[in-house]
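To start, the structure itself, in structure tokens.
The values are calculated or read from the model by the stated rules, or taken from the named source; none is laboratory data. These numbers were taken from a predicted model, which means no experiment stands behind them. Methodologically, a virtual Cβ is constructed for each residue, glycine included, from the backbone with ideal geometry; neighbour enumeration extends over all protein chains shown. Just the protein is used for accessible areas: all its heavy atoms, side chains included, with ligands, DNA and RNA removed. Shrake-Rupley method; radii C 1.70, N 1.55, O 1.52, S 1.80 Å.
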Amino acid sequence: MTVHDLSAPPAKEGRTHQLELTGSEHRAVEELATDLAATPPQLLDHPSWLERARQLGAQLPSRLREAVRDYRHDPGVQGALLLRNLPTGGDTLPDTPSVKDSVERTATVAAATSALIGLALGELVAYREEKSGALVQNVVPVRGLESSQSNAGSAAELELHVENAFHPFRPDFVGLLCLRSDTVTRAGTRVASVRQALPLIDEADTKVLLQSRFVTAPPPSFRSGEGTWAHPVLDGSPDDPNICVDFNATTALDDEAAQVLERLRRTFGQVAQSVRLAPGEMVLVDNRVVLHGRDHFAPRYDGRDRWLQRIFVHLDNRRTRGHRTGNGAVMV
Ligand SMILES: O=C(O)CCC(=O)C(=O)O
Ligand SMILES: [Fe+2]
């Protein structure tokens, strides 16, 4: 990550969470990820592979475990954790996938790295109706979907959103590990937290945002799903609220709320930072307080396009037990 990075001064007092692994820490993670990738049946979504991933996750270098634990306790003003110098199996990477809804099923060093970190943070989860319920999903540009408001798009900027804002059990955290960056236009992941935006929202608007005057539709990645019941955009502590909004999918139920929503969109546009991930960098965003999106870019479809791998994390899997068959990782 280079320009406009998370080391830019935060909007107000607070920690910026980031950690660059040393050479020996990198090798230690690589060894664990290589061991995990080779663990039978070498399938990411398999219960026995995930059991091994939980065990090996506990052996990650202590500075990494500390950084994750600290971030989990309080995600800071920016709500993001940036990890650098992670292994991705760099020299042996295949071409960037190019098809819609591409996912990783067979274990690789990169996918194992994401799984180890996700399981150190909490529980890996996926949605049966999205990307066939795979735990590690590819974020790649897809030909024909350039203008889509999904992670397969490119020509259009992907609007700031909370991941799966419509869902009663949206992820608590989203992780994006970069395998290949967009070397031409240097497209970044945009991040903006409600902790940064709140001081810029006036009190009257905050009041409206705390009321159930909004609805949100499922994103294009979901095969099916109902739009939400009326919900507030802000909830919890008025001083440090959670946020639930998708500027492409949330609509207001009345004119006043629509104006407030539009002002909120502009405010978030002001505080958003572009995180230009380089290969081996992973950004985790706290999906309760951070909106994310993506700059527009021009893919070449030559096998070398931008390639991220995405994971979702829940902190408490008892909450969703009734939605997960056999206590597995996929919500139905
Ligand atoms: O491409 C990116 O940087 C982020 C895309 C996104 O919003 C997602 O995959 O959830
Ligand atoms: Fe997203």
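In segment 58-82, which residues are over 22 Å from residue 278 (Cα atoms) and either of a type in the set (A, V, I, L, M) or at pLDDT below 95 (or both)?
58, 77
Confirm whether residue 212 is among the hydroxyl-bearing types (Ser, Thr, Tyr), more than 27 Å from residue 142 (Cα to Cα), at pLDDT 95 or above and in a loop (DSSP other than H, G, I, E, B).
On the way: among the hydroxyl-bearing types (Ser, Thr, Tyr): yes; more than 27 Å from residue 142 (Cα to Cα): yes; at pLDDT 95 or above: yes; in a loop (DSSP other than H, G, I, E, B): yes.
For residue 212, the condition - among the hydroxyl-bearing types (Ser, Thr, Tyr), more than 27 Å from residue 142 (Cα to Cα), at pLDDT 95 or above and in a loop (DSSP other than H, G, I, E, B) - is met.
If only one of 146, 123 is closer than 22 Å to residue 293 by Cα, open to solvent by 10 Å² or more (accessible area, probe 1.4 Å) and either within 14 Å of ligand 2 (Cβ to nearest atom) or in contact (Cβ under 8 Å) with a residue 24 or more places away in the chain (or both), which one is it? Can you show your working first?
Values: 123 fails: closer than 22 Å to residue 293 by Cα.
Going through 146, 123 in turn, just one is closer than 22 Å to residue 293 by Cα, open to solvent by 10 Å² or more (accessible area, probe 1.4 Å) and either within 14 Å of ligand 2 (Cβ to nearest atom) or in contact (Cβ under 8 Å) with a residue 24 or more places away in the chain (or both): 146.
Select from segment 187-204 the residues that are more than 12 Å from ligand 1 (Cβ to nearest atom) and outside any helix (DSSP H, G or I) and list them in ascending order.
Start the filter on segment 187-204 by keeping residues that are more than 12 Å from ligand 1 (Cβ to nearest atom), which leaves 192-204.
Matches in segment 187-204: 192, 193, 201, 202.
Looking only at segment 217-243, how many residues end up being β-branched (Val, Ile, Thr) and modelled with pLDDT under 95?
As a first pass, look at segment 217-243 and keep what is β-branched (Val, Ile, Thr): 228, 233, 243.
If we keep only those that are modelled with pLDDT under 95 too, we end up with 228.
Of the residues in segment 217-243, 1 are β-branched (Val, Ile, Thr) and modelled with pLDDT under 95.
For the structure I just gave you, tell me whether residue 116 is under 30 Å from residue 229 (Cβ atoms) and of a type outside the set (Gly, Ala, Ser). Working first, answer last.
Values: under 30 Å from residue 229 (Cβ atoms): no; of a type outside the set (Gly, Ala, Ser): yes.
It is false that residue 116 is under 30 Å from residue 229 (Cβ atoms) and of a type outside the set (Gly, Ala, Ser).
Which is in a loop (DSSP other than H, G, I, E, B), under 25 Å from residue 73 (Cβ atoms) and charged (D, E, K, R), of 304, 300, 310, 319? Can you show your working first?
Details: 304 fails: under 25 Å from residue 73 (Cβ atoms); 300 fails: under 25 Å from residue 73 (Cβ atoms); 310 fails: in a loop (DSSP other than H, G, I, E, B).
Residue meeting the stated conditions: 319.
Against the conditions (1) modelled with pLDDT of 95 or more; (2) more than 30 Å from residue 52 (Cβ to Cβ); (3) touching a Ser or Thr at 6+ places or on another chain (Cβ under 7 Å), where does residue 160 fall short? Just the number, please.
All conditions are met except number (3).
Could you say whether any residue in segment 153-168 is of a type in the set (Phe, Trp, Tyr), in contact with a Pro (Cβ under 6 Å, 6 or more places away or on another chain) and within 16 Å of ligand 2 (Cβ to nearest atom)?
Of segment 153-168, the ones of a type in the set (Phe, Trp, Tyr) are 166.
Still in the running and in contact with a Pro (Cβ under 6 Å, 6 or more places away or on another chain): 166.
Retained after the next criterion (residues that are within 16 Å of ligand 2 (Cβ to nearest atom)): 166.
Yes.
In the set 294, 288, which member is crowded, with 20+ Cβ neighbours inside 10 Å, within 27 Å of residue 117 (Cβ to Cβ), of a type outside the set (Asp, Glu) and within 14 Å of ligand 1 (Cβ to nearest atom)? Spell out the reasoning first.
Values: 288 fails: within 14 Å of ligand 1 (Cβ to nearest atom).
That would be 294, the only listed residue that is crowded, with 20+ Cβ neighbours inside 10 Å, within 27 Å of residue 117 (Cβ to Cβ), of a type outside the set (Asp, Glu) and within 14 Å of ligand 1 (Cβ to nearest atom).
Among the residues of segment 149-187, write down those that are among the hydrophobic types (A, V, I, L, M, F, W, C) and either without any contact (Cβ under 8 Å) to a residue 40 or more places away in the chain or within 27 Å of residue 17 (Cβ to Cβ) (or both).
Step one: of segment 149-187, the residues among the hydrophobic types (A, V, I, L, M, F, W, C) are 152, 155-156, 158, 160, 162, 165-166, 169, 173-174, 176-179, 184, 187.
Correct list: 158, 160, 162, 165, 169, 173, 174, 176, 177, 178, 179, 187.
Residue-wise test of (1) in contact (Cβ under 8 Å) with a residue 12 or more places away in the chain; (2) touching an Asp or Glu at 6+ places or on another chain (Cβ under 8 Å).
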{"position": "240", "(1), (2)": "yes, no"}
{"position": "245", "(1), (2)": "yes, no"}
{"position": "252", "(1), (2)": "yes, no"}
{"position": "257", "(1), (2)": "yes, no"}
{"position": "260", "(1), (2)": "yes, yes"}
{"position": "266", "(1), (2)": "no, no"}
{"position": "270", "(1), (2)": "yes, no"}
{"position": "280", "(1), (2)": "yes, no"}
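Might you let me know whether segment 106-124 holds any residue that is out of contact with any Ser or Thr (no Cβ under 6 Å at 6 or more places or on another chain), within 14 Å of ligand 1 (Cβ to nearest atom) and outside any helix (DSSP H, G or I)?
no
Given (1) in a helix (DSSP H, G or I); (2) in contact with a Lys or Arg (Cβ under 7 Å, 6 or more places away or on another chain); (3) not aliphatic (A, V, I, L, M), where does residue 292 come up short, assuming only one miss?
Single failed check for residue 292: (1).
Of (1) open to solvent by less than 30 Å² (accessible area, probe 1.4 Å); (2) within 14 Å of ligand 2 (Cβ to nearest atom), residue 196 satisfies all except one. Which?
Failed condition: (2).
Output the residues belonging to segment 135-147 that are within 27 Å of residue 242 (Cα to Cα) and more than 10 Å from ligand 1 (Cβ to nearest atom).
135, 136
Would you call residue 179 away from ligand 2 (no atom under 16 Å from the Cβ), farther than 26 Å from residue 330 by Cα and hydrophobic (A, V, I, L, M, F, W, C)? Break it down stepwise before answering.
Values: away from ligand 2 (no atom under 16 Å from the Cβ): yes; farther than 26 Å from residue 330 by Cα: no; hydrophobic (A, V, I, L, M, F, W, C): yes.
For residue 179, the condition - away from ligand 2 (no atom under 16 Å from the Cβ), farther than 26 Å from residue 330 by Cα and hydrophobic (A, V, I, L, M, F, W, C) - is not met.
Taking segment 222-247, which residues are surrounded by fewer than 18 Cβ atoms within 10 Å (Cβ to Cβ) and in a loop (DSSP other than H, G, I, E, B)?
If the condition is that a residue be surrounded by fewer than 18 Cβ atoms within 10 Å (Cβ to Cβ) and in a loop (DSSP other than H, G, I, E, B), then 223, 224, 225, 226, 227, 229, 230, 236, 237, 238, 239, 240 are the ones that fit.
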